[in-house]
């Protein structure tokens, strides 16, 4: 640095140096303040974007909650059309019951050594129902008024219907208490091991998916109630040598199927088909060999059980199912 030769020059240098230092300090402070403001603006922008995302999410959620699935249509059939569909379902069931009666009668003749010469075994039976027939038939059960349980249930699930889509059976109904449509989608099939599966695939409120863990408590209560019923019915199961299954066997069979569905487990591919219209609480066990569901239709194929299969079924239906299995 050059040497200052006069006091005046030294004074000027001193003043200049002080001012320069002060300006530098102001510059540094101004820069820091600008950076703080920049970060604050960015933070406010992020908060605003987050609020917009929450609002959009809520709007979409409300839209989905009150939305209507594409496959849902309110019934518009006339009273006569409903009666015709129910009558068609009745005729198909009577035909199925007649097949079960013929299979049981043949088993009785076999037991007594009275099979006719050249008598062919009763073959498989295929029955096809459309969703109008199923819903009309189920609706006919409701004639005669509602009991207290029905009235309580109607607050949460009313006007229940079955909708058949490709590979899916959907139970849907209106929920006055929640102001939306509630639906449960099942996928019935015969798996590679020949077992019947009716897995619960999804639950929805309108178009909004409901996570299955969110309904774990009511599902567990339902399973516990079914488990208690099974504990009562299983020890009483009777299937005689003529392949006649009693009411306990019928109840045990359906409860096991429901429990397997709720737990995503395979079930015995067996349905017990009534063969006497005056005794619908007993029937003939038949093996389900195929299930096909397309839009608006469901096809079931069944065949009679062999005596060995019937004996095994009787033993299986008497066995308890541990909770959670």
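Protection proxy ranking, highest mean first, for peptides 215-227, 255-267, 303-315: 255-267, 303-315, 215-227, where packing is the per-residue count of other beta-carbon atoms within 10 Å, averaged. Computed over every Cα-Cα pair of the stretch 79-318 and binned at 5 Å starting from 0, the pair-distance distribution P(r) comes out as 1, 6, 11, 15, 18, 18, 14, 9, 4, 2, 1, 1, 0 percent.
Once Rh is set to the Kirkwood radius over Cα pairs, what Stokes-Einstein translational diffusion coefficient, in µm²/s, holds for the stretch 176-227 at a temperature of 20 °C and a viscosity of 1.002 mPa s?
Values: Rh = 13.0 Å.
Answer, rounded: 165 µm²/s.
Highest average first, the peptides 243-254, 290-301, 45-56, 106-117 ordered by how many other beta carbon atoms sit within 10 Å of their residues are 243-254, 290-301, 106-117, 45-56.
Every read-out reported here was derived from the displayed coordinates using simple, explicitly stated rules and does not represent laboratory data. All values reported here derive from a predicted model rather than from experimental measurement. Glycine gets a Cβ as well: all are built from the backbone with ideal geometry, and neighbour counts include every protein chain shown.
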